[in-house]
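Colleague: Take this structure first; my questions come after.
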Amino acid sequence: MTIIVRPLRPDDRDQWQPLWDGYNLFYERPDLPGEITETGWARFLDPAEPMFAAVAEIDGKIVGLVHYLYHRNTSMIEDVCYLQDLFTTPEARGLGVGRALIEYVYGEAAAAGSRRVYWQTQEWNPARKLYDQVATLSPFRRYVKELA
């Protein structure tokens, strides 16, 4: 079994969409407005945008996705990379797909001159077992204020 991780392509939409829907269902936001999905999709494919997406394939079938972006940081000169979304199909879990997607982002971020990749997840996410192997858990907490 070979896992191929590559940038998202326009013709991936039919295979990417069910994974995106599964990711949103996992995080209990099944009614994400279509406008958000359409805008994100367009941004992933626009070379002028700082948002990126990659997919993992096994035997030509997309079994995982990762979305990431770069932003400035006040504690270093280089941009940092925020790994925003990571999802694999249930049948692909435990096969190394998540690790391959994370390592892909590490490589892309390093090539872009970034010295840090970070992400956040729910306390109860079973993927934390993998995350504990590929990164260091920070002590920071996340605060959010939704603005009208």
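Colleague: Among the residues of region 9-47, which ones are among the charged types (D, E, K, R) and more than 16 Å from residue 57 (Cβ to Cβ)?
Modeller: Applying the first criterion (among the charged types (D, E, K, R)) to region 9-47 yields 9, 11-14, 21, 28-29, 31, 35, 38, 43, 46.
Listed by number, the residues that qualify are 21, 28, 29, 31, 35, 38, 43, 46.
Colleague: Considering only region 107-148, state which residues are free of Cβ contacts under 8 Å to residues at least 40 places away in the same chain, open to solvent by 70 Å² or more (accessible area, probe 1.4 Å) and under 13 Å from the mean Cα position of the chain (by Cα).
Modeller: Once the filter is applied, which keeps residues that are free of Cβ contacts under 8 Å to residues at least 40 places away in the same chain, open to solvent by 70 Å² or more (accessible area, probe 1.4 Å) and under 13 Å from the mean Cα position of the chain (by Cα), region 107-148 yields 118, 120.
Colleague: Out of region 69-86, which residues are open to solvent by 40 Å² or more (accessible area, probe 1.4 Å) and charged (D, E, K, R)?
Modeller: Within region 69-86, 72, 78, 79 qualify.
Colleague: Scan region 1-53 residue by residue and report those that are exposed (fewer than 12 other Cβ atoms within 10 Å of the Cβ), of a type in the set (Val, Ile, Thr) and under 23 Å from residue 94 (Cβ atoms).
Modeller: 2
Colleague: Based on what the data block shows, is residue 99 in contact with a Ser or Thr (Cβ under 7 Å, 6 or more places away or on another chain) and open to solvent by less than 100 Å² (accessible area, probe 1.4 Å)?
Modeller: It is false that residue 99 is in contact with a Ser or Thr (Cβ under 7 Å, 6 or more places away or on another chain) and open to solvent by less than 100 Å² (accessible area, probe 1.4 Å).
Here's the yes/no breakdown for (1) modelled with pLDDT of 95 or more; (2) under 19 Å from residue 25 (Cα atoms):
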position: 81; (1), (2): yes, no
position: 86; (1), (2): yes, yes
position: 95; (1), (2): yes, no
position: 98; (1), (2): yes, yes
position: 101; (1), (2): yes, no
position: 111; (1), (2): yes, no
position: 126; (1), (2): no, yes
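Colleague: Find the residue count for region 65-124, including only residues that are in a helix (DSSP H, G or I), in contact with a strand residue (DSSP E or B) (Cβ under 8 Å, 6 or more places away or on another chain) and aliphatic (A, V, I, L, M).
Modeller: Total satisfying the criteria: 7.
The values are calculated or read from the model by the stated rules, or taken from the named source; none is laboratory data. The structure presented is a predicted model; accordingly, all values stated were derived computationally and were not measured. Because the Cβ atoms are built from the backbone with ideal geometry, glycine has one as well, and the counts that use them run over all protein chains shown. Side chains are part of the model used for accessible areas, which takes the heavy atoms of the whole protein and leaves out ligands, DNA and RNA. Shrake-Rupley method; radii C 1.70, N 1.55, O 1.52, S 1.80 Å.
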